[in-house]
Amino acid sequence: MKKKLCLAAFVAMSAAMIFASIDEALVKGANFLLSKQDSSGYWSDRQMPALSALPLWALSGLGELSDKDFSSRVEASRKLAAAYILSTQRPDGGFYVPKPGRGGSGLGNYNTAVCLSALFESKMAASSALLKAREYIASSQLVGDDTMAGGFGYDKISRRRYADLSNTSYALDAMRRTESLEEFRHGSSRVDVNWSQALKFVENLMKKDGPQAGGAAYNETTAQAGKSVDKKGRVHLRAYGSMTYAAVLSMCHAKLDRSDARVRQAFEYLSKNWSVDENPGMGNQGLYYFYDIMARALSASGAKEVGGHDWKKELSQKLLSLQKKDGSWVNDNNRFWEADPVLCTAFAMLTLELCR
């Protein structure tokens, strides 16, 4: 009996120590972000509001802070960031900076989805602005009867018909996260996406059989993680970790639970390919995005373990080991902009906040 009590005390102590380490890492990460914010409120790139929304989102998840001076600086930073992001909202409701060379939208879907989520979580924007952003996202969903229907691409205005699972998961996350705002909409019907069509889009990107069964690809045309050609000359795009977590998150937001065969199969793939050392199928490409989407998907699903792995414990310990002395995180591989320590630090903090 005494041995059991001692073991329980040790486990509880270890959990408390991890929690304290996470808090310390978050404060260090926040200080790094505060030191890198431009005086006009943005981080990294004035023309990409999502790159400022992610730090705002991360700073908004710190919780109560005992240091009043630090808390005051965080609050001032959040207000500055929110004001900058709101200044990028266009008449159509989207948050983006128009870029004529990119079809005029400046990655409008991606930027708007991230900004909507961040502003909602920060509680620093009027519901009217956020409701307009929901209208923009809903109107950006592709319609039709092909395999792209139901999905979202980077832009609402595009030279070609295009959708991918990453942008789709950001859009669906933002719309489900902010659905309570529709209670404040007056004089018109509620705005939402077509969830059944979105689910069909996600399903189409999931492997149904073979060694990658349950895994999900980025889209059906872009070989983000490589491709293979079978004996009949058919091209097969590989599934990989971050997109499978994006599929899980999207299915959870479409109100599927762990008992659904599609969700179960995705978890079987993730269990077989469990890792916190790399983005399975991609190595260190998009590693911090992988950590963030993993934590959001597993939190949404309510899963405590993946293939017997305590994901919160293993993921938080990995991130704690990767933090730099200045409080930042950064990826040596610059694909998907991850050589930017602000982006990686925001992703890491968002992940640790969910691990807490």
message = I need the full set of residues from the range 303-341 which are part of a helix (DSSP H, G or I), touching a residue at least 60 places away in the same chain (Cβ under 8 Å), among the hydrophobic types (A, V, I, L, M, F, W, C) and open to solvent by less than 10 Å² (accessible area, probe 1.4 Å), in order please.
response = L319
ask   = If you go through the range 82-101 one residue at a time, how many are modelled with pLDDT of 95 or more and either among the basic types (K, R) or part of a helix (DSSP H, G or I) (or both)?
value = 7
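Looking at the range 332-353, is at least one residue within 27 Å of S14 (Cα to Cα) and out of contact with any helix residue (DSSP H, G or I) (no Cβ under 6 Å at 6 or more places or on another chain)? Give the steps one after another, and end with the answer.
Pass one, the range 332-353, residues within 27 Å of S14 (Cα to Cα): 344-353.
When the remaining residues are screened for being out of contact with any helix residue (DSSP H, G or I) (no Cβ under 6 Å at 6 or more places or on another chain), the result is 353.
Yes: the range 332-353 contains one or more residues that are within 27 Å of S14 (Cα to Cα) and out of contact with any helix residue (DSSP H, G or I) (no Cβ under 6 Å at 6 or more places or on another chain).
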inquiry  = When the residues of the range 33-90 are narrowed to those that are in contact with a Phe, Trp or Tyr (Cβ under 9 Å, 6 or more places away or on another chain) and among the polar types (S, T, N, Q), which ends up farthest from D326 (Cα to Cα)?
reply    = Q89
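Rundown of residues vs (1) open to solvent by less than 30 Å² (accessible area, probe 1.4 Å); (2) of a type in the set (S, T, Y); (3) under 21 Å from A113 (Cα atoms), yes/no style:
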| position | (1), (2), (3) |
| --- | --- |
| G29 | yes, no, no |
| L33 | yes, no, no |
| S40 | no, yes, no |
| D45 | no, no, yes |
| A50 | yes, no, yes |
| S60 | no, yes, yes |
| G63 | no, no, no |
| R73 | no, no, no |
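Residues checked against (1) among the charged types (D, E, K, R); (2) under 23 Å from S44 (Cβ atoms):
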| residue | (1), (2) |
| --- | --- |
| G307 | no, no |
| K312 | yes, no |
| L319 | no, yes |
| D326 | yes, yes |
| V342 | no, yes |
| F347 | no, yes |
| R356 | yes, no |
note = Taking the range 270-288 and keeping residues in a helix (DSSP H, G or I) and open to solvent by 10 Å² or more (accessible area, probe 1.4 Å) leaves S271, K272, L287
ask   = If you take the residues of the range 289-302 that are over 12 Å from L249 (Cβ atoms) and among the hydroxyl-bearing types (S, T, Y), which of them is least open to solvent (accessible area, probe 1.4 Å)?
value = Y291
request  = State the number of residues belonging to the range 238-262 that are surrounded by fewer than 19 Cβ atoms within 10 Å (Cβ to Cβ), free of Cβ contacts under 8 Å to residues at least 40 places away in the same chain and part of a helix (DSSP H, G or I).
outcome  = 1
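R356 - would you say it is surrounded by fewer than 17 Cβ atoms within 10 Å (Cβ to Cβ), modelled with pLDDT under 95, closer than 24 Å to A25 by Cβ and of a type in the set (D, E, K, R)?
Details: surrounded by fewer than 17 Cβ atoms within 10 Å (Cβ to Cβ): yes; modelled with pLDDT under 95: yes; closer than 24 Å to A25 by Cβ: yes; of a type in the set (D, E, K, R): yes.
Yes; evaluated as a whole, the condition is true for this residue.
The values are calculated or read from the model by the stated rules, or taken from the named source; none is laboratory data. Computed from a predicted structure; not experimentally measured. Positions of Cβ are generated from backbone atoms using ideal geometry, with glycine treated the same way; all protein chains shown enter the neighbour counts. In case anyone asks, the SASA skips ligands and DNA or RNA and just uses the protein heavy atoms, side chains included. Shrake-Rupley method; radii C 1.70, N 1.55, O 1.52, S 1.80 Å.
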